[in-house]
Amino acid sequence: MQEIVNRNKTIGGASIFLVLILNLLSLSAWQFNLADLIAALPGKTPTNPVTALCFICSVISFYYLAGENKNSQFAGKMLAWLFFLTGVVKFSEVILHYSTGIDKWLYTEKLVLYQVGGRPVAMAPNTALVFVLLGLSFLFYHFRSKEKNIIADCFALIAALASFVSLIGYLYHTDEFYNIRPFIPMALPTAISFFLMSFAVLLKRSGFGLLHVFAQQYEGSKMGRFLLPFVIIIPVATGLLRVYGERRNLYSGSFGVALYTVTNVVLLLLVTWRCSLSLNRSGKELFKEMGERAHLEELLRQNNRKLEQKVRERTQQILINEQRFYSLIENSADVIVIRDAQLKITYVSPAIEKILGIKPRELFTETGDDLVHPDYLKMAQDLTRSALDIPGMPMTAILKVRHYDGHYIWMEGTVTNLLQDKSVSGIVSNFHDVTERIKAEEQKKLFQEALLQEKINLQRKLIQANIDGQEKERKQIGMELHDNINQILGSAQLYLCFAKSEADIKQEMLEKSSKLVNKAIKEIRKLSSLLVSHAVEGDNLPKGINNFIHTIELTTNLAIRTRLPEDILDKLDPKVKIAFYRIIQEQLNNIVKHASASNVCIDLQEDEDFVTLRIGDDGIGFDPDSRPAGIGLSNIRSRTELLNGEMIIQSATKEGCKLIIRIPCYQILEVYDVPKK
């Protein structure tokens, strides 16, 4: 509808523009004495200058009244009063037979030159009357009042009809329609201007006024817009055809009437046929829409029934869920307590009777603080205050709570402020019994303390074992120096003494003394290689291990195989290399002394997180559970623990021995058995 109203306003604006141009031309004709132009008009009646000026005022008034500015609308009303009063004064002159000369104020001398029927060019009585009607329409003009708009449209419609009658008179050369004798007739430009101005007023207010019926989107409005031009054009055209034929003597008056009637009937039948087709199409579309609407309504009813069924099912499910939730709460192992804003208990779950031996109804209207152990009462109160300060945030705590028979149990849970939740409207406490867990944690703590003490004792034993080993090693070194090297050096000294006193055997004694000194040097080197760790410094670890293995193979019947990749050894920390070397020494010495083995294998491997060393023998083995670890294995365990590693012994009688050591981040040494040949 708004699109149609906007189009009507555009057409109305164009009509107003034509009125302005037409009357500016009329004033120009008077100003520049265009006699030929005035004489060429039908009826040879020019527009009165005051009439043209009134039309220009009406155009300006219409422009102001159509705006939103109140000052502009006021100016429009003043201009409307101007041409309204001009029409009233002129029409009263005709009725009361007096003269004010209001229509002779402009171009007075020229008005006499262009006389019509022996009378000067004045404002015609019907022109004055239409100005009165048009002025009333403008004065009643208002956008926000439908009633005033209808009144304004009524005056505009009467003015349009009056001007239309004058136009028909000029079209059919019937001066009675535009001339009130004995006065001057209404000029053709004046009749056109009145019709365009009235038509513009009606179109401008088509959203509210009388033409509102033609501006809607309904089928009646569409049909009215279609028929309206034909209703005006067909009778006018056929009447003009009849008059033209009769005046040219082409046919008689009765034939003209018959022709006029037949032409109107045929043309109106064609228009009616066209309207019927349009209405039929609209009816078909309407019936189709009604059928679709009925189908949609049926689908809607079906959907409503399905929706109602789903609502019933959902309601039933909600009831079931509520019952299930209530059942879960009632049968929960946790104690659930709800308190109001004054901290009075309003609900207690039945689990409190199982845990504390107290019936739920005994706690109603109480705060429950008397159940908390005195040492934990302040903690419980602080917990509640914190929950009140932060709604919706669970506050966790472990408290001691008194049982009905007097002893205290440990309970853990949360306190949550749900006062803002309409479905709860309370402070919810949810606690469960953790007494057994607390006791277990206390026992675990005691066990850990005992384990720590045992570990300390073990460390002390390991330290004492290291001290004893060092003392034993020192004793062995002393015995080696005293019983072996000292004896060799003593013998060398004795040979030197003989060489000094016996000249004839001096050379022989010196040679024997030299051999004994060389033997002492070798023994000292052998002893030094067992004491110092230079063999594993830098890149000498594989060489040191191979030298030690070569010494073992020379002094025993063991066959030792090794697989020690250098790319793995290079990643080891120097401290780890020394520990690695000492563990291999210690384990090979254990195999030599106790295993009675024939084959030994040393294997080093690497995976994502560990480096693995495998040393195995095919000896007699032993039972790790029944046999305590000796000093050698204790030393290996001590070195492994210092590297955050793990030592595992896997052995059985007559099945060899497996020693596993796991050290993370390239600090892992694992000792395994070698498969028997």
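Descriptive notes on the structure:
- Cβ-Cβ under 7 Å pairs, at least 6 apart or on other chains, the stretch 503-522 side farther than 18 Å from GLY490 by Cβ and free of Cβ contacts under 8 Å to residues at least 12 places away in the same chain, far side open to solvent by less than 90 Å² (accessible area, probe 1.4 Å) and of a type in the set (Gly, Ala, Ser): LYS506/ALA499
- All conditions in (1) open to solvent by 50 Å² or more (accessible area, probe 1.4 Å); (2) over 22 Å from THR416 (Cα atoms); (3) modelled with pLDDT under 80 hold for ARG293, with the sole exception of (3).
- All strands (runs of 3 or more DSSP E) inside the stretch 315-403 with 3 or more residues being of a type in the set (D, E, K, R) and either modelled with pLDDT of 80 or more or within 14 Å of ILE427 (Cα to Cα) (or both): none
- Identity of the residue in the stretch 596-653, in a loop (DSSP other than H, G, I, E, B), without any contact (Cβ under 8 Å) to a residue 12 or more places away in the chain and charged (D, E, K, R), that ends up nearest to ILE545 (Cα to Cα): ASP607
- Criterion violated by VAL424 - all others in (1) part of a strand (DSSP E or B); (2) at pLDDT below 80; (3) not polar (S, T, N, Q) satisfied: (1)
- Residue satisfying condition, being within 24 Å of HIS373 (Cα to Cα), more than 35 Å from the chain's Cα centre (by Cα) and either open to solvent by 90 Å² or more (accessible area, probe 1.4 Å) or of a type in the set (Lys, Arg) (or both), within set GLU412, GLU436, GLU449, GLU454: GLU436
- Within the stretch 185-219, considering residues that are surrounded by fewer than 17 Cβ atoms within 10 Å (Cβ to Cβ) and at pLDDT below 70, the one nearest to SER282 (Cα to Cα): GLU219
- Hits in the stretch 551-577 - residues which are part of a helix (DSSP H, G or I), in contact with a Lys or Arg (Cβ under 9 Å, 6 or more places away or on another chain) and open to solvent by 30 Å² or more (accessible area, probe 1.4 Å): THR551
- Tabulated pairs, the stretch 46-66, first assigned to a helix (DSSP H, G or I), second of a type in the set (Lys, Arg) and open to solvent by 20 Å² or more (accessible area, probe 1.4 Å), C-beta under 8 angstrom, 6+ apart or interchain: VAL50/LYS104; SER61/LYS77; PHE62/LYS204; LEU65/LYS77
- Number of residues in the stretch 156-173 that are among the β-branched types (Val, Ile, Thr) and open to solvent by 40 Å² or more (accessible area, probe 1.4 Å) equals 2.
- Scanning the stretch 525-544 turns up no residue that is of a type in the set (Val, Ile, Thr), modelled with pLDDT of 65 or more and open to solvent by less than 90 Å² (accessible area, probe 1.4 Å).
- Any hit, the stretch 504-523, residues being hydroxyl-bearing (Ser, Thr, Tyr) and modelled with pLDDT under 80: no
The rows are residues; the columns are (1) open to solvent by less than 50 Å² (accessible area, probe 1.4 Å); (2) among the small types (Gly, Ala, Ser); (3) more than 24 Å from THR555 (Cα to Cα); (4) at pLDDT below 85.
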site: PHE580; (1), (2), (3), (4): yes, no, no, yes
site: ILE583; (1), (2), (3), (4): yes, no, no, yes
site: GLN587; (1), (2), (3), (4): yes, no, no, yes
site: ALA595; (1), (2), (3), (4): yes, yes, no, yes
site: VAL600; (1), (2), (3), (4): yes, no, no, no
site: ASP603; (1), (2), (3), (4): yes, no, no, yes
site: GLU606; (1), (2), (3), (4): no, no, yes, yes
site: ARG614; (1), (2), (3), (4): no, no, no, yes
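- Taken together, the residues in the stretch 59-75 that are of a type in the set (A, V, I, L, M, F, W, C) and under 52 Å from the mean Cα position of the chain (by Cα) amount to 2.
- Within the stretch 366-394, residues that are surrounded by fewer than 15 Cβ atoms within 10 Å (Cβ to Cβ) have Cβ atoms under 8 Å from residues that are among the acidic types (Asp, Glu) in these pairs: GLN381/ASP369, counting only partners at least 6 apart in sequence or on another chain.
- Single residue of the stretch 603-653 satisfying the filter (touching a strand residue (DSSP E or B) at 6+ places or on another chain (Cβ under 9 Å) and among the small types (Gly, Ala, Ser)) that is farthest from ILE456 (Cα to Cα): GLY619
- All of (1) at pLDDT below 75; (2) over 30 Å from ASP607 (Cα atoms); (3) surrounded by fewer than 12 Cβ atoms within 10 Å (Cβ to Cβ) hold for ASN486 with one exception: (3).
The values are calculated or read from the model by the stated rules, or taken from the named source; none is laboratory data. On a predicted model such as this, the values are computed, not experimentally measured, just so you know. A quick note on method: Cβ atoms are made from the backbone with ideal geometry, for glycine too, and the neighbour counts reach across all protein chains shown. These accessible areas exclude ligands, DNA and RNA; they are computed on the full protein's heavy atoms, side chains included. Shrake-Rupley method; radii C 1.70, N 1.55, O 1.52, S 1.80 Å.
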